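The values are calculated or read from the model by the stated rules, or taken from the named source; none is laboratory data. Since the structure is predicted, the reported quantities are computational estimates derived from the model, not experimental observations. All Cβ positions, even for glycine, are placed from backbone atoms using ideal geometry, and neighbour counts span all protein chains on display. For the accessible areas, the whole protein counts, side chains as well, though only heavy atoms, and no ligand, DNA or RNA atoms are used. Shrake-Rupley method; radii C 1.70, N 1.55, O 1.52, S 1.80 Å.
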Amino acid sequence: MSRTSSALGVAVIGHSFMGKAHSQAWRNVNATFDTPKVAMRVLVGRDAGTVEASARRYGWEASSIDWRASILREDVDIVDICTPGALHAEIAIFALEHGKHVLVEKPLANTVAQAQAMAEAASAAADAGVVSMLGFNYRRVPALVLARDLVAAGRLGELRQLNIRYYQDWLVDAGSPMSWRLRREEAGSGALGDLGSHAVDQVHYLTGAKVSSVSATSKTFVSRRPGAAGDEEVTVDDAIWSTLELDNGAVATVEATRMATGRKNSFRIEAYGSRGSLAFDLESLNHLQLCDSGAPAGEQGSKTILVTEPEHPYLDGWWPTGHVLGWADTFTHEIRDLLLAIEGNTQASPSFAEGLEVQRVLSAIEHSAANNCARVAPDPVPVT
């Protein structure tokens, strides 16, 4: 499509944590980047009073409790889905079948079957010029884009090992209340889908390789938590540990936990190759550590790159050198890329097909952990 003066109308489905983050990004994207104009048409939630209050606070024109009617509005062109995973497939497929561009928060779905159906719907819609994208926002951290580019350019040599761990501690207290994230029917899985999906996606993103086999274990440390009507059973994992073999010969370890006392949001990535290594931590997201083993022995060691130069990814729209970015800015980058894909009628990334690959690996990890066995992934994993 060509750039016109008319704005693309947006509906966001879901208005809590992710809905708030996405709302801020939709509000900021045109002020930060040269993209097609957007209009924040409607924010959708389950409770009329709370979603109306959120809509006023976040800058939406209207609110609704009817997601179907909101999608069918003639002034809505883009549907952004920020609901629990159990609703992703139904809403996304409905929107795609009605010609709306779609952004879905990660993970793509709760099961491989749902993800497969979504990928097929996205492929069919793409033939009619409809764009879809999955919201793995850490692909939009400038330091991780730089890391991917360095790996692709061969700066690390032959890639051999990756260590990726996502640690949080918000469930350490056994008295922390029950939430939808702890119910399998709504969340699909626990730390695995919530945090581990980011880790698996980064394995794919940084290496360009696919996972060929999986060995994993998982643990639910607190099996019951206080709910509105008394104690409820926790039906998902609290933590997972896995080893992934890649089809390029490298090996990745992936860990995810919401029980790591003192770790608020630590997403640590280390990559080791025959000529160098790199390291990143989300708690210092403007920095990338790079080690070049080609330097003289007495000068070897990691240097820290402050990823805020104008030539670094996404920085052209922001502030002078050294003025650091934050977590929320990754969503603005994500929406920028979606809008440019819509404008250019090109495939956005990560696609639903890429999300399906992540879902297959998550399924293999879950199967391996449940059955105490190695599991080949992703293609031989049965659809369940």
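Please work out which one of (1) farther than 20 Å from Phe352 by Cα; (2) crowded, with 20+ Cβ neighbours inside 10 Å; (3) without any contact (Cβ under 8 Å) to a residue 40 or more places away in the chain is the condition Ala89 fails and give its number.
Among (1) farther than 20 Å from Phe352 by Cα; (2) crowded, with 20+ Cβ neighbours inside 10 Å; (3) without any contact (Cβ under 8 Å) to a residue 40 or more places away in the chain, the lone unmet condition for Ala89 is (1).
If I filter the range 192-203 for residues that are surrounded by fewer than 20 Cβ atoms within 10 Å (Cβ to Cβ), closer than 27 Å to Ala25 by Cβ and among the acidic types (Asp, Glu), do I get at least one hit?
The answer is no; no qualifying residue exists.
List pairs: first residue in the range 340-365 and among the basic types (Lys, Arg), second residue part of a helix (DSSP H, G or I) anywhere in the structure, Cβ distance under 7 angstrom, at least six positions apart or on different chains.
Between residues of the range 340-365 that are among the basic types (Lys, Arg) and residues that are part of a helix (DSSP H, G or I), the close pairs are Arg360/Val112.
A quick yes/no check of all residues on (1) surrounded by fewer than 18 Cβ atoms within 10 Å (Cβ to Cβ); (2) out of contact with any strand residue (DSSP E or B) (no Cβ under 9 Å at 6 or more places or on another chain); (3) more than 20 Å from Ile342 (Cβ to Cβ); (4) not hydroxyl-bearing (Ser, Thr, Tyr):
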{"site": "Trp26", "(1), (2), (3), (4)": "no, no, no, yes"}
{"site": "Lys37", "(1), (2), (3), (4)": "yes, no, no, yes"}
{"site": "Arg56", "(1), (2), (3), (4)": "yes, no, yes, yes"}
{"site": "Arg68", "(1), (2), (3), (4)": "yes, yes, yes, yes"}
{"site": "His101", "(1), (2), (3), (4)": "no, no, no, yes"}
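If we keep just the residues of the range 251-283 that are buried (at least 23 other Cβ atoms within 10 Å of the Cβ) and aliphatic (A, V, I, L, M), which is farthest from Asp194 (Cα to Cα)?
Leu278
Does Ala7 qualify as being surrounded by fewer than 18 Cβ atoms within 10 Å (Cβ to Cβ) and within 23 Å of Gly344 (Cβ to Cβ)?
yes
Within the range 55-84, can you find the residues that are of a type in the set (Asp, Glu) and touching a His at 6+ places or on another chain (Cβ under 9 Å)?
Asp77, Asp80
Check Asn248 against each of (1) open to solvent by 40 Å² or more (accessible area, probe 1.4 Å); (2) polar (S, T, N, Q); (3) within 21 Å of the chain's Cα centre (by Cα) and name the one condition it does not meet.
Only one criterion is unmet by Asn248, namely (3).
Scan the range 324-339 for residues that are open to solvent by 10 Å² or more (accessible area, probe 1.4 Å) and closer than 12 Å to Ser132 by Cα and jot them down.
Once the filter is applied, which keeps residues that are open to solvent by 10 Å² or more (accessible area, probe 1.4 Å) and closer than 12 Å to Ser132 by Cα, the range 324-339 yields only Asp337.
If you check Ser212, Ser176, Ser218, which single one turns out to be open to solvent by less than 50 Å² (accessible area, probe 1.4 Å) and either within 21 Å of Ala109 (Cα to Cα) or part of a strand (DSSP E or B) (or both)?
From the options Ser212, Ser176, Ser218, the qualifying one is Ser212.
Check the range 297-311 and report whether any residue there is at pLDDT 95 or above, part of a strand (DSSP E or B) and among the aliphatic types (A, V, I, L, M).
Scanning the range 297-311, I find at least one residue that is at pLDDT 95 or above, part of a strand (DSSP E or B) and among the aliphatic types (A, V, I, L, M), so the answer is yes.
Given the criterion at pLDDT 95 or above, over 30 Å from Val38 (Cβ atoms), touching a strand residue (DSSP E or B) at 6+ places or on another chain (Cβ under 8 Å) and crowded, with 23+ Cβ neighbours inside 10 Å, identify the matching residue among Leu182, Leu134. Don't jump to the end; show me each part of the working.
Numbers: Leu134 fails: over 30 Å from Val38 (Cβ atoms).
Only one candidate passes the filter, namely Leu182.
On the given criteria, is Leu325 in contact with a strand residue (DSSP E or B) (Cβ under 6 Å, 6 or more places away or on another chain) and either assigned to a loop (DSSP other than H, G, I, E, B) or in contact (Cβ under 8 Å) with a residue 60 or more places away in the chain (or both)?
No, not satisfied.
Among helices (runs of 4 or more DSSP H) lying entirely in the range 23-128, which contain 1 or more residues that are over 24 Å from the mean Cα position of the chain (by Cα) and at pLDDT 95 or above?
Working: elements: 48-58, 67-72, 88-97, 112-126.
Fully inside the range 23-128 and qualifying: 48-58, 67-72.
Among the residues of the range 138-173, write down those that are of a type outside the set (A, V, I, L, M) and either under 21 Å from Met18 (Cα atoms) or crowded, with 20+ Cβ neighbours inside 10 Å (or both). First the steps, then the outcome.
We begin by selecting, within the range 138-173, every residue of a type outside the set (A, V, I, L, M); these are 138-140, 142, 148-149, 154-155, 157-158, 160-161, 163, 165-170, 173.
Selection gives Tyr138, Arg139, Arg140, Pro142, Arg165, Tyr166, Tyr167, Gln168, Asp169, Trp170.
Out of (1) among the hydroxyl-bearing types (Ser, Thr, Tyr); (2) within 18 Å of Ala25 (Cα to Cα); (3) at pLDDT below 95, the odd one out for Tyr314 is which?
(3)
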